[in-house]
Every structure is written in structure tokens, then in C-alpha cells.
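The structure under discussion appears below in the form of C-alpha cells.
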Amino acid sequence: YEDVEEFDTKPFTFIVGKGKAGLITKSIRECPHFLMGGSTGMGKSTAFKLMLYSFLKNTPPEQLHLCLLDLKRGVEVADFKKFPNVEIAKTESDALNTLKAVVKEMSERYDMISKKGLKSVDPKRDKIPIIVVAVDEASVIFGASGRSSEKRKMANEARSLCEEIGKLGRAAGIHLVLATQRATKTS
């Protein structure tokens, strides 16, 4: 990352990699949601963390709020707890509450842009941050197989809330970044 960090400067952007034409960057505003997949040891968690770091490095704190869902008690995202615009959910219950709060915020943002006759949220104009909900090992949160009925209910609700964010979040300035070892219809 140190080799390309100087080119990673635009708000809401992250480095995807290098291609024949040079550095490839993307803005979360252009690709409203992002799914990372890969098996253990392939660099998925490293890429996930670099993406989050790029967002934080390049975007003024008042324009970005990260909600990190990490059911490994927050150990995977511990490096981010020092940032004032980062919220970390460490348990299934915390993650579910965070997702509910984000969906509630999404509804309030839709009310706001509707009243103003706008089509989407702009963090500078509206003085509200873009929200990125980032989930490392999404299958841990969404996977319901082999769990108690209460845990299955929570997993189904989390999946439903993320689906709602996925469908409606972009215009409200809310984006999902999901990382998982396997992407199946059940996880």
C-alpha cells in the first residue's frame, strides 16, 4: 500500500489494484455496494481493511461514518476503534441493533430528500455523513444453519435489514461492504 498511497487521495475512494493502465481506484459513490469473496489466506481481510482505511484517510470525518460489524468481538477491526467516526458492533445483538438504526436513519434521510425535492443525499450539501456498513465475514452474521432458533431469527432479520439497505441505501447515502469466504443463498 505504501507504494501507491500517494495516489489514493479522493474522498470516498479506495484502491482496487493495479492494471495495465495503472492504479485502479473506485468510489463507493459509484459502486454503491461492494461484495468481497475469497477463501482463507487469499488476502480478503487485508483488502477489506485497506478499503476502510482508504475511506477514512481520504474523506473528512464529518462526511463519513463507518459501522463495522465484526462478530469476532471486534478483534478484526480493532485498528479502527481510534477513529471518532467509526462504530464497532461486536456481538450479534449489537450488529442487529446497528442495522436497525441504519434502516431507521435511511428512512429519515428519504423523508428529508423528499421534502427538499432531491434525488439523493450529498454529504457536503446536506451536512450529513455517508454511512458505510462494513461486515467482515458476513456469513457469520447471516448464516442460520446449525444455530439455535433465536440465533436463526436474528440472522434472518440481519439478512432482511441488509437486503433493505442494499435496495434503498444508495440514494440515502448508505452503502454496504460485505466480505465473506463463501457467498451462497443461505449466507
(request) Output the residue which, of all residues in segment 47-70 that are open to solvent by 30 Å² or more (accessible area, probe 1.4 Å) and within 15 Å of the chain's Cα centre (by Cα), is modelled with the highest pLDDT. (result) HIS65
(message) Of everything in segment 108-118, what is open to solvent by 50 Å² or more (accessible area, probe 1.4 Å) and touching a residue at least 12 places away in the same chain (Cβ under 8 Å)? Give them in sequence order.
(response) TYR110
(message) Any residue that is surrounded by 12 or more Cβ atoms within 10 Å (Cβ to Cβ), among the polar types (S, T, N, Q) and over 20 Å from TYR53 (Cβ atoms) - is there at least one of those in segment 81-97?
(response) yes
(message) Just to be sure before I move on: is PRO129 open to solvent by 20 Å² or more (accessible area, probe 1.4 Å), within 17 Å of the chain's Cα centre (by Cα), over 13 Å from LEU99 (Cα atoms) and modelled with pLDDT of 85 or more in the structure I sent?
(response) yes
(message) So for segment 11-26 (the condition being touching a Gly at 6+ places or on another chain (Cβ under 7 Å), outside any strand (DSSP E or B) and modelled with pLDDT under 80), does at least one residue qualify?
(response) no
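The values are calculated or read from the model by the stated rules, or taken from the named source; none is laboratory data. Small disclaimer: the values here were computed from a predicted structure and weren't measured. Reconstructed Cβ throughout: ideal geometry from the backbone, glycine too, with neighbour counts over all protein chains shown. In case anyone asks, the SASA skips ligands and DNA or RNA and just uses the protein heavy atoms, side chains included. Shrake-Rupley method; radii C 1.70, N 1.55, O 1.52, S 1.80 Å.
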